[in-house]
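Dropping a structure here in structure tokens format, bear with me for questions.
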Amino acid sequence: MTTMPEAAAPGAAPKNDDVLVEVKDLQMYFPVSSGILFQRTVANVKAVDGVSFTVKRGETLGLVGESGCGKTTTGRCILQLYKPTGGQVIFDGKDLTKMNTKQMRGMRREMQVIFQDPYSSLNPRMTAGNIIGEPLIVHGLVKSKEEYREKVADLLQNVGLNPYMADRFPHEFSGGQRQRIGVARALSVSPSFIVADEPVSALDVSIQAQIINLLEELQEQFNLTYLFIAHDLSVVRHISDRVGVMYLGHMVEMAERNEIYRNPVHPYTKALLSAVPIPDPVLDAQRERVLLTGEVPSPLNPPSGCVFHPRCPAANDSCSQTLPELREVEPDHHAACLLATGY
Ligand code: SF4
């Protein structure tokens, strides 16, 4: 278990009213079992290990990191699709980790998810209209067939599709259009919070911008709050108000969007930014390069001290001994690095 400061989560808003989601010291360990007759836990995969942050109402928090860093698991723990091993998820003042199944059912309408792969996340046997309208029936939000049809038509229009497309099946749509169907389904129950889990990663670059623009328009129109998960800093740049960077189950840096791109502090964030292409060749030649060696270690057996130390170009002897806490390095800019936070 990692040590996290007792203080308010990084990026905490001054008034609680400003915060929609608060994640406190979140842990998600997946047990690894052994034995044929009597299965016993022999180890834990520490997918998320002591992560704390807040998401303010109406903002987009971008969560980035390489695959396996725990960002998707964090999103699923917030939605309670995984029951966290430890920590709290407070949504609109209510602790979701203490709710039973019935209480949680009442909260589901408030929180929705948009999945990465629009090809596999839509049921190929259902029409677009039924995919979008199903949650309306599940949550009892329509009283008649007429109302159902009207709502589905409105939702299709909201995401830039034509209502006559309601009778088509997923295979009759392009990748971008399928993702629009996924967005409409998430919107159907009028949520306040959406976890967008790599929503554009499976799409062509030309289509990515259209979906990101659509999400921004819908955020304004419906006063939505987003947790936007991506593995690439260039994707979250446009849409995010703040950005959190995860590595091997830990939050290693979090700051306002422009601050993190202008003044990255953690060596891992610097390395991720080094990999983002810059169109201007002069600027590209001038910038600092941080090249990472080796692979991300296994979360089954994470390194001691700072989990990034085996790959960190700035590591010193204390880095393998002490786990750095996420601390404020500038106003509203937090980093978990012994060098940056002056231990
Ligand atoms: Fe690198 Fe040490 Fe900072 Fe970790 S604590 S990021 S190993 S310099």
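The values are calculated or read from the model by the stated rules, or taken from the named source; none is laboratory data. None of the values given here were measured: they were computed from a predicted structure. We place every Cβ from the backbone using ideal geometry, glycine too, and count neighbours over all the protein chains shown.
What tally of residues in segment 266-315 results from selecting those that are out of contact with any Ser or Thr (no Cβ under 7 Å at 6 or more places or on another chain), in a helix (DSSP H, G or I) and within 8 Å of the ligand (Cβ to nearest atom)?
2
Identify all residues within segment 300-343 that are over 29 Å from Asp241 (Cα atoms) and small (Gly, Ala, Ser); write none if there are none.
Ser304, Gly305, Ala315, Ser318, Ser320
Any residue that is touching a residue at least 24 places away in the same chain (Cβ under 8 Å) and in a loop (DSSP other than H, G, I, E, B) - is there at least one of those in segment 144-154?
No, segment 144-154 contains no residue that is touching a residue at least 24 places away in the same chain (Cβ under 8 Å) and in a loop (DSSP other than H, G, I, E, B).
May I pose another question? Of everything in segment 155-179, what is assigned to a helix (DSSP H, G or I) and either under 16 Å from Leu224 (Cα atoms) or more than 24 Å from the chain's Cα centre (by Cα) (or both)? Give them in sequence order. Break it down into steps so the answer makes sense when it comes.
Step one: filter segment 155-179 for residues assigned to a helix (DSSP H, G or I), giving 155-158, 163-167, 170-172, 175-179.
Leu155, Leu156, Gln157, Asn158, Pro163, Tyr164, Met165, Ala166, Asp167, Pro170, His171, Glu172 - these are the residues of segment 155-179 that are assigned to a helix (DSSP H, G or I) and either under 16 Å from Leu224 (Cα atoms) or more than 24 Å from the chain's Cα centre (by Cα) (or both).
Does Pro279 count as in contact with a Gly (Cβ under 9 Å, 6 or more places away or on another chain) and not β-branched (Val, Ile, Thr)? Can you show your working first?
On the way: in contact with a Gly (Cβ under 9 Å, 6 or more places away or on another chain): no; not β-branched (Val, Ile, Thr): yes.
No: the conditions fail for Pro279.
Restricting to segment 95-127, name every residue that is assigned to a strand (DSSP E or B) and more than 12 Å from Ile78 (Cα to Cα). Full working, then the answer.
Narrowing segment 95-127 to residues assigned to a strand (DSSP E or B): 95, 111-114.
Passing the criteria: only Ile114.
Taking the criterion of being within 16 Å of the ligand (Cβ to nearest atom), within 17 Å of Leu63 (Cβ to Cβ) and either in a helix (DSSP H, G or I) or modelled with pLDDT under 85 (or both), would at least one residue in segment 246-260 satisfy it? Before you say what the answer is, go through the steps one by one.
Here is the first cut: in segment 246-260, the ones within 16 Å of the ligand (Cβ to nearest atom) are 246-255, 260.
Subsequent filtering for residues that are within 17 Å of Leu63 (Cβ to Cβ) retains 246-255, 260.
Then drop every residue that is not either in a helix (DSSP H, G or I) or modelled with pLDDT under 85 (or both), which leaves 260.
Checking segment 246-260: at least one residue is within 16 Å of the ligand (Cβ to nearest atom), within 17 Å of Leu63 (Cβ to Cβ) and either in a helix (DSSP H, G or I) or modelled with pLDDT under 85 (or both).
Can you list residue pairs whose Cβ atoms sit under 7 Å apart, with the first residue in segment 76-102 being surrounded by fewer than 19 Cβ atoms within 10 Å (Cβ to Cβ) and the second being of a type in the set (Lys, Arg)? Count only pairs 6 or more apart in sequence or on different chains.
Close Cβ pairs satisfying both conditions: Tyr82/Arg76; Gln88/Lys24.
Which condition from (1) on the phi > 0 side of the Ramachandran plot; (2) modelled with pLDDT of 95 or more is the one that Gln88 breaks?
Answer for Gln88: the failing condition is (1).
Any chance you could count how many residues in segment 223-245 are at pLDDT below 95 and among the hydrophobic types (A, V, I, L, M, F, W, C)?
Counting residues in segment 223-245 that are at pLDDT below 95 and among the hydrophobic types (A, V, I, L, M, F, W, C) gives 5.
Sticking with this one: If you take the residues of segment 316-343 that are under 30 Å from Val42 (Cβ atoms) and within 7 Å of the ligand (Cβ to nearest atom), which of them is surrounded by the fewest Cβ atoms within 10 Å (Cβ to Cβ)?
Cys319
While we're looking at this one, here's another question. Would you check if Ala43 is within 30 Å of Leu272 (Cβ to Cβ), of a type in the set (Gly, Ala, Ser), touching a Ser or Thr at 6+ places or on another chain (Cβ under 8 Å) and assigned to a strand (DSSP E or B)? Before the answer, list the steps.
Values: within 30 Å of Leu272 (Cβ to Cβ): yes; of a type in the set (Gly, Ala, Ser): yes; touching a Ser or Thr at 6+ places or on another chain (Cβ under 8 Å): no; assigned to a strand (DSSP E or B): yes.
Taking the combined requirement at face value, the residue does not satisfy it.
Please go through segment 103-153 and give me each residue that is more than 26 Å from the chain's Cα centre (by Cα), within 25 Å of Gln221 (Cβ to Cβ) and surrounded by fewer than 15 Cβ atoms within 10 Å (Cβ to Cβ), ordered by number.
Ile137, Gly140, Lys143, Glu146, Glu147, Glu150
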